[in-house]
Amino acid sequence: MPLVPAEQLKRLITDILERVGASPDVAGCVADHLVEANLAGHDSHGVMRIPQYLDAISAGKLRPDGRMQIVAEASASAAVDGGRGFGQVIARDAMLLAIKKARAGGVGAVSVRNCSHTGRIGTYTRMAAQAGLVGIVMVNSGGGGQSVAPFGGTGRRLSTNPISIAAPSGGPHPILLDIASSVAPEGKVRTLFLAGKSVPPGWMIDARGNPTTNPADFYAEPAGALLPLGGAVGYKGFGLGFMIDILAGALSEAGCSRPNPADPSDGMLGIALDVQQFTPLSEFKQRVAELAQYVKSCPTAPGFEQIYVPGEIEARERERHLRDGVSVDPTVWEQIEQACSRLGIRAETST
Ligand SMILES: NC(=O)c1ccc[n+]([C@@H]2O[C@H](COP(=O)([O-])OP(=O)(O)OC[C@H]3O[C@@H](n4cnc5c(N)ncnc54)[C@H](O)[C@@H]3O)[C@@H](O)[C@H]2O)c1
């Protein structure tokens, strides 16, 4: 596998995006987001997205210069339009607005419509937690990206509708939950498909509703579907995904799942709660740290070496990848090299 130091990969992705029309701020923000996803161990939301974004720019579906515009505003809330810009930039700016409103009034909530792929949504809740606030973010695909079967169904009806919640912890990293409401996001199926591997049992059904571990069933015609989070109690993940479709899609006007949506784009709801206006921040952090310590002290079940709190695994992965470099899937690297040669950029690895 090509192994690339994180900073070198960020520079390369920034170069690529600048060559296709992104400003240095936009290119840097997107490159940082993608490489941070690889560093955290979520390759499905990392640099493998570059070919998809370049295609979307060529097709006029993603506008590198698209920026957030406020379309409705009250003291604690705003509705914004992303102008088809990079999701990473629009969602960042929307969360900054939610944080600003929360600092002023305790709570800030911002809905987003008309923005491209938002990527790894924990990026935006982390921003709030690092500033001493609780962050809550939900995303849908504006009715597109239908890939998840409803509980008891065989066809695709919902997108993988993720949710993230982050809280300041007093420790080296925030407590950060960041999950799809399906067993896995589509990108993880794509990663395994590209690598010629099977998906774990319990992730997917084929077009007839039978369990399958073959990722090709997901991309076949007729197509299979991902299952909602929860296995035997998948109605919980399904219910969560359904409500996220409402909060991220109906409220923002991005739209919910429906038959044949025309030109859908991501919808989001970002909420910030200023801890300090509920309880002293230092005491809050102490409670969170004590909770984490207590939960981690639980004896482990057979096959488990330790208990992790939300966000801990990604923080460890980040340290490891910063030290060793990011290993990029060979197929993804080939696609990046092809893009580089089209754009006149030299792509190098350290191995
Ligand atoms: N923008 C979009 O449209 C979209 C859609 C779906 C998913 N996503 C992103 O995909 C990424 C991956 O989602 P996922 O559902 O595959 O996540 P996942 O199944 O890897 O779960 C990640 C969460 O679970 C925690 N976790 C993981 N292993 C753990 C363990 N052993 N013990 C305790 N906690 C543990 C992590 O710290 C993290 O909070 C997320 O970053 C999400 O934002 C984005």
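Quick check on region 174-200: of everything there that is near the ligand (Cβ under 10 Å from one of its atoms) and outside any strand (DSSP E or B), which residue is surrounded by the fewest Cβ atoms within 10 Å (Cβ to Cβ)? Lay out the reasoning, then the answer.
Filtering region 174-200 down to residues near the ligand (Cβ under 10 Å from one of its atoms) leaves 175-188.
From what is left, the residues that are outside any strand (DSSP E or B) are 180-181, 183-188.
On the way: Ala180: 27, Ser181: 27, Val183: 23, Ala184: 22, Pro185: 24, Glu186: 19, Gly187: 22, Lys188: 22.
Ranking the qualifying residues of region 174-200, first place goes to Glu186.
Quick check on this structure: which one of Ala104, Ala37, Ala98, Ala94 is open to solvent by 10 Å² or more (accessible area, probe 1.4 Å) and either among the small types (Gly, Ala, Ser) or at pLDDT 95 or above (or both)? Even if it seems obvious, please write down each step before you answer.
Details: Ala37 fails: open to solvent by 10 Å² or more (accessible area, probe 1.4 Å); Ala98 fails: open to solvent by 10 Å² or more (accessible area, probe 1.4 Å); Ala94 fails: open to solvent by 10 Å² or more (accessible area, probe 1.4 Å).
Criteria check complete, one pass: Ala104.
For Val20, state whether it is closer than 20 Å to Arg190 by Cβ and of a type in the set (A, V, I, L, M, F, W, C). Spell out the reasoning first.
Values: closer than 20 Å to Arg190 by Cβ: no; of a type in the set (A, V, I, L, M, F, W, C): yes.
No: the conditions fail for Val20.
Whether any residue in region 153-170 is modelled with pLDDT under 95, more than 24 Å from Pro51 (Cα to Cα), more than 9 Å from the ligand (Cβ to nearest atom) and in contact with a helix residue (DSSP H, G or I) (Cβ under 7 Å, 6 or more places away or on another chain) is what I want to check.
Yes - at least one qualifying residue is present in region 153-170.
Pull up region 70-103, narrow it to residues that are in a loop (DSSP other than H, G, I, E, B) and free of Cβ contacts under 8 Å to residues at least 60 places away in the same chain, then point me to the one that is nearest to the ligand (Cβ to nearest atom). Working first, answer last.
Here is the first cut: in region 70-103, the residues in a loop (DSSP other than H, G, I, E, B) are 74-76, 82-86.
Subsequent filtering for residues that are free of Cβ contacts under 8 Å to residues at least 60 places away in the same chain retains 74-76, 83, 85.
Numbers: Ala74: 26, Ser75: 28, Ala76: 25, Gly83: 18, Gly85: 15 Å.
Per the stated criteria, the residue is Gly85.
Among the residues of region 136-152 satisfying the criterion of being within 9 Å of the ligand (Cβ to nearest atom) and among the small types (Gly, Ala, Ser), which is modelled with the highest pLDDT? Working first, answer last.
Here is the first cut: in region 136-152, the ones within 9 Å of the ligand (Cβ to nearest atom) are 137, 139-141, 145.
Going one step further and asking which of them are among the small types (Gly, Ala, Ser), we end up with 141, 145.
Values: Ser141: 98, Gly145: 95.
For region 136-152, the residue satisfying everything is Ser141.
Please tell me if Gly83 is touching a strand residue (DSSP E or B) at 6+ places or on another chain (Cβ under 9 Å), of a type in the set (Gly, Ala, Ser) and at pLDDT 95 or above. Walk me through it before giving the result.
Numbers: touching a strand residue (DSSP E or B) at 6+ places or on another chain (Cβ under 9 Å): yes; of a type in the set (Gly, Ala, Ser): yes; at pLDDT 95 or above: yes.
The answer is yes for Gly83.
With respect to the numbered conditions (1) in a helix (DSSP H, G or I); (2) touching a Phe, Trp or Tyr at 6+ places or on another chain (Cβ under 9 Å), which one is the sole condition not fulfilled by Thr349?
All conditions are met except number (1).
Does region 30-48 contain any residue that is over 29 Å from Asp274 (Cβ atoms) and assigned by TED's automatic domain parsing to the domain that holds Gln130? Break it down stepwise before answering.
We begin by selecting, within region 30-48, every residue over 29 Å from Asp274 (Cβ atoms); these are 31, 34-35, 38, 41, 43-44, 46-48.
Restricting the remaining residues to those that are assigned by TED's automatic domain parsing to the domain that holds Gln130 gives none.
No - not one qualifying residue is present in region 30-48.
Between a first residue in region 258-287 that is away from the ligand (no atom under 16 Å from the Cβ) and among the polar types (S, T, N, Q) and a second residue that is open to solvent by 80 Å² or more (accessible area, probe 1.4 Å) and not in a loop (DSSP other than H, G, I, E, B), which pairs have beta carbons less than 9 Å apart while being 6 or more apart in sequence or on different chains?
Pairs that qualify, where the first residue is away from the ligand (no atom under 16 Å from the Cβ) and among the polar types (S, T, N, Q) and the partner is open to solvent by 80 Å² or more (accessible area, probe 1.4 Å) and not in a loop (DSSP other than H, G, I, E, B), are Gln276/Arg103; Gln277/Arg103; Thr279/Arg287.
Taking the residues in region 37-69 that are touching a residue at least 12 places away in the same chain (Cβ under 8 Å) and acidic (Asp, Glu) as candidates, determine which candidate is nearest to the ligand (Cβ to nearest atom).
From region 37-69, those touching a residue at least 12 places away in the same chain (Cβ under 8 Å) are 37-54, 56-57, 61-69; that's our starting set.
Now restrict to residues that are acidic (Asp, Glu): 43, 65.
Details: Asp43: 10, Asp65: 21 Å.
My answer is Asp43.
Could you pull out the residue among Phe242, Phe218 that is among the aromatic types (Phe, Trp, Tyr) and either over 30 Å from Trp333 (Cβ atoms) or assigned by TED's automatic domain parsing to the domain that holds Val134 (or both)?
Phe242 is the lone residue from the list that is among the aromatic types (Phe, Trp, Tyr) and either over 30 Å from Trp333 (Cβ atoms) or assigned by TED's automatic domain parsing to the domain that holds Val134 (or both).
Would you confirm whether or not region 126-141 contains a residue that is open to solvent by 40 Å² or more (accessible area, probe 1.4 Å), in contact (Cβ under 8 Å) with a residue 60 or more places away in the chain and outside any helix (DSSP H, G or I)?
no
The values are calculated or read from the model by the stated rules, or taken from the named source; none is laboratory data. What you see is a predicted model; the values in this text were computed from it and never measured. Every residue, glycine as well, gets a Cβ built from its backbone with ideal geometry; the counts of neighbours run over all protein chains shown. For the accessible areas, the whole protein counts, side chains as well, though only heavy atoms, and no ligand, DNA or RNA atoms are used. Shrake-Rupley method; radii C 1.70, N 1.55, O 1.52, S 1.80 Å.
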